[in-house]
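Only the coordinates and a few stated rules stand behind these numbers; no lab work does. None of the values given here were measured: they were computed from a predicted structure. Glycine gets a Cβ as well: all are built from the backbone with ideal geometry, and neighbour counts include every protein chain shown.
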Amino acid sequence: MMAGRGDVRRRHVERVAPYLVSLLVHAILLALIALTAKLSPDAPSPGETLSVEIVSAQQFQEVAPIAPKDWSPTRPMETVPTPPPAPPGPSEARLTPAPPQATELEPAPLETPPKWRSAPKILSAAALSDPRNRQAKDSLPALQSDARFEQLCNFEASLQIR
């Protein structure tokens, strides 16, 4: 008995149909994943990038020298007294109005120290996983553990204050 053309087509469709259904399901899943990735609120927008340059302690000291030891951010600023203005001569008194009396401004002393705030969310992991920060992420393992910890803390702090 010879199989007809209809039988050959039916067997061919029966063999190919599962593969076509699988391909269609996978295409739909990939489209959903791509759509979800675009709508994800955790992904930083292109405008929120932060470039990081890792420097050695010596390079840092060259750029930002250490403040004097007697400097304190909580100590009030000192003001230098200004001498009183000289009284104007008779011809100057008629031509120029009297200048307003300047009072020295002294900053108010800090009554209470500023309160520390806790970070509700760690942001550095997501920022380092961004391809734009690949250089920083790749160079971190080359640092000693203390330097690596310091760089990560500084990076996290800069992300938190944004």
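Using 1/(1 + (r/R0)^6) with R0 = 30 angstrom and r between the beta carbons of LEU143 and ALA119, what's the FRET efficiency to the nearest 0.05? Provide the component values of the computation, followed by the final result.
Values: r = 22 Å, r/R0 = 0.75.
In this case the efficiency is close to 0.85.
Could you please rank LEU32, LEU152, placing first whichever residue has the fewest other Cβ atoms within 10 Å of its Cβ?
Details: LEU32 10, LEU152 16.
Placing the least packed residue first, the sequence is LEU32, LEU152.
In this entry, region 118-162 is assigned a mean projected area of 3.3 nm², taken as a quarter of its C-alpha convex hull surface.
Annotation: the residues SER22, SER124, sorted from fewest to most other C-beta atoms within 10 Å of their own C-beta, follow the order SER22, SER124. ALA64 to LYS38: FRET efficiency via 1/(1 + (r/R0)^6), r the Cβ-Cβ distance, R0 41 Å, to the nearest 0.05? It comes to 0.55.
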